[in-house]
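**Q** Here's a structure for you.
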Amino acid sequence: MFKVTTLSCILQRSIKRMTFPAVGVSEGPNRYYFLQRIGCYNSRHFVTTPLMSSKGSDIEGSVDNDEDGYRSLYGAYELVVPQKVSALLKVPSHIQLPNYVPTPDGRPLGPAKKGPFIRTKEELDIMRDTCILTKQILRKTIREVKVGVTTDELDKYAHHLIIENNAYPSSLLYKKFPKSICTSVNNVACHGIPDSRKLLDGDIITIDLMVYKNGFHGDCAETALVGNVDEKGKCLVKTAKQCLDLGINQCGPNVPFEYIGKCIEDYANDLNYSVVGAFAGHGIGRNVHELPEIYHYERPDVKKQLMIPGMTFTVEPVISQGMDLVTLLSDGWTYVTVDGSRAAQFEDMILITNQGFEVLTL
């Protein structure tokens with residue numbers, strides 16, 4: 001699961017990306033206003049005001065699929081807005097719960113120190129098992145992606161598999177998140193809540209799945225194609241996977257973390273894509289989110305930190321077709337791109353070794 005970074009970023013990154021026509025700024029109902037919100041752009045790469053239509057109402061429940069707007073730039077797909085969310089799924093009493101489930105706000109209990117942690121051999125043995133299970137369940141869930149399936153059905157499928165393996169779906173009730181996986185479709189950049197919307201031919205969907213077992217979390221994500229996806233969509237998904245692989249290949253002992261972000265951003269920008277800087281990778285282990293934060297773009301303002309053998313963290317760049325700005329919808333979780341462009345993301349967990357790195361989520 002993504003960590004929303006709160007450290008200051010460089011506004012120039014977004015301004016230099018604004019070289020394409022403004023989508024939805026023209027007159028007409030349900031078209032998106034965003035250029036005037038650049039003044040509200042804050043240091044976290046997302047717009048602070050809710051995304052509104054030109055009629056002044058919240059975007060939820062209203063969608064404009066104008067072919068002369070975003071489709072002319074980004075391809076053939078439909079914009080996604082949240083739909084009906086079903087009730088919380090139950091977890092059997094014998095399942096070990098993470099430390100945030102008993103808290104009213106879903107925030108973790110425990111020591112103030114959140115890393116970076118150096119894992120012991122015993123801890124790594126447990127983490128490997130949890131991470132392998134996490135990836136296996138993600139792959140099985142991805143195989144269920146098809147036209148006509150709802151994201152809620154995918155959530156129930158993954159939830160059942162996790163419980164069947166005597167594990168806990170880490171996303172469920174983490175900071176009150178209501179589902180066991182995140183499903184982000186088309187213009188949803190991250191933290192999409194599984195709901196009653198049926199997947200359509202031509203959609204792309206990112207499934208972000210976490211598992212908690214034997215005291216440790218596993219975390220991975222993948223973007224899948226639904227039916228016949230247009231070439232622009234296929235290229236985006238391919239590029240997102242390449243960005244992950246390039247970032248991971250920078251890892252090794254005594255390597256600066258900044259190498260990950262610079263490599264990813266340079267590659268994405270060369271292909272005219274953006275790295276959505278609002279979301280970062282993170283240390284992970286006994287806690288879902290630990291230090292260090294892993295930026296997927298160049299951060300010269302951040303003090304250099306080196307990778308040390310025994311560190312475990314995620315690499316999970318979010319790549320968009322258009323701008324790198326996102327906004328939060330009123331459900332408090334769903335981040336969408338401000339220009340309606342699609343976003344794709346792949347994620348794996350990494351261990352730094354004395355010789356290089358190990359991908360834990362194989």
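**Q** Across region 200-224, which residue is surrounded by the most Cβ atoms within 10 Å (Cβ to Cβ) among those that are touching a Gly at 6+ places or on another chain (Cβ under 7 Å) and under 21 Å from ALA240 (Cβ atoms)?
**A** Ranking the qualifying residues of region 200-224, first place goes to MET210.
**Q** If you take the residues of region 211-251 that are among the β-branched types (Val, Ile, Thr) and within 16 Å of the chain's Cα centre (by Cα), which of them is nearest to GLY75 (Cα to Cα)?
**A** Among those residues, the one meeting the criterion is VAL237.
**Q** Can you tell which of LEU154, LEU209 is hydrophobic (A, V, I, L, M, F, W, C) and closer than 16 Å to ALA87 by Cα?
**A** LEU154
**Q** Continuing with this model, one more query. Which of the numbered conditions does ARG107 fail, given that it passes all the others? Conditions: (1) surrounded by 15 or more Cβ atoms within 10 Å (Cβ to Cβ); (2) more than 28 Å from GLY227 (Cβ to Cβ); (3) under 20 Å from the mean Cα position of the chain (by Cα).
**A** (1)
**Q** Just the residues that are surrounded by fewer than 24 Cβ atoms within 10 Å (Cβ to Cβ) and polar (S, T, N, Q), please, taken from region 161-199.
**A** Listed by number, the residues that qualify are ASN165, ASN166, SER196.
**Q** May I pose another question? When residues of region 333-360 are filtered for being assigned to a loop (DSSP other than H, G, I, E, B) and more than 19 Å from LEU291 (Cα to Cα), how many remain? Full working, then the answer.
**A** Keep residues of region 333-360 that are assigned to a loop (DSSP other than H, G, I, E, B), which gives 333-334, 338-342, 346, 353-356, 360.
Remaining after also requiring more than 19 Å from LEU291 (Cα to Cα): 333-334, 338-342, 346, 354-356.
Residues flagged as assigned to a loop (DSSP other than H, G, I, E, B) and more than 19 Å from LEU291 (Cα to Cα) within region 333-360 amount to 11.
**Q** So SER93 fits all but one of (1) farther than 19 Å from HIS282 by Cα; (2) touching a residue at least 40 places away in the same chain (Cβ under 8 Å); (3) surrounded by fewer than 17 Cβ atoms within 10 Å (Cβ to Cβ); what number is the exception?
**A** The single condition SER93 does not satisfy is (2).
**Q** Follow-up. Can you give me the number of residues within region 260-300 that are more than 27 Å from ARG107 (Cβ to Cβ), of a type in the set (D, E, K, R) and touching a strand residue (DSSP E or B) at 6+ places or on another chain (Cβ under 6 Å)?
**A** 1
**Q** With the checklist (1) in contact with a helix residue (DSSP H, G or I) (Cβ under 6 Å, 6 or more places away or on another chain); (2) modelled with pLDDT of 95 or more; (3) surrounded by fewer than 24 Cβ atoms within 10 Å (Cβ to Cβ) in hand, flag the one item VAL275 doesn't pass.
**A** So VAL275 meets the others, but not (3).
**Q** A further question on this structure: Quick one: count up the residues across region 261-284 that are in a helix (DSSP H, G or I) and under 17 Å from the mean Cα position of the chain (by Cα).
**A** Qualifying residue count for the region: 4.
**Q** Please report, ordered by residue number, the strands (runs of 3 or more DSSP E) entirely within region 157-246 with at least 2 residues that are among the hydroxyl-bearing types (Ser, Thr, Tyr) and touching a residue at least 12 places away in the same chain (Cβ under 8 Å).
**A** Answer list for region 157-246: 181-185, 204-213.
**Q** In this structure, does ILE126 turn out to be of a type in the set (Val, Ile, Thr), in a helix (DSSP H, G or I) and more than 26 Å from LEU291 (Cα to Cα)?
**A** It is false that ILE126 is of a type in the set (Val, Ile, Thr), in a helix (DSSP H, G or I) and more than 26 Å from LEU291 (Cα to Cα).
**Q** Here is a further query. Report whether or not ALA189 is of a type in the set (Gly, Ala, Ser), within 23 Å of ILE248 (Cβ to Cβ), touching a Phe, Trp or Tyr at 6+ places or on another chain (Cβ under 7 Å) and modelled with pLDDT of 95 or more.
**A** Answer is yes for this residue.
**Q** Can ILE260 be described as closer than 19 Å to VAL318 by Cα, touching a Gly at 6+ places or on another chain (Cβ under 6 Å) and buried (at least 16 other Cβ atoms within 10 Å of the Cβ)?
**A** Criteria met by ILE260.
**Q** If you don't mind, another one. Residues in region 299-332 that are part of a loop (DSSP other than H, G, I, E, B) and buried (at least 19 other Cβ atoms within 10 Å of the Cβ): how many? Before you say what the answer is, go through the steps one by one.
**A** In the first step, residues of region 299-332 are kept if they are part of a loop (DSSP other than H, G, I, E, B); the result is 299-305, 307-311, 316-317, 321-325, 329-332.
Restricting the remaining residues to those that are buried (at least 19 other Cβ atoms within 10 Å of the Cβ) gives 299, 307, 311, 316-317, 321-325, 329.
Residues meeting the conditions: 11.
**Q** Let me ask something else about it. Would you call LEU351 crowded, with 23+ Cβ neighbours inside 10 Å and over 28 Å from LYS84 (Cα atoms)?
**A** no
The values are calculated or read from the model by the stated rules, or taken from the named source; none is laboratory data. In this text the structure is predicted, and so the values were computed from the model without any measurement. Ideal geometry is used to build each Cβ from the backbone, glycine not excepted, and the neighbour counts take in all protein chains shown.
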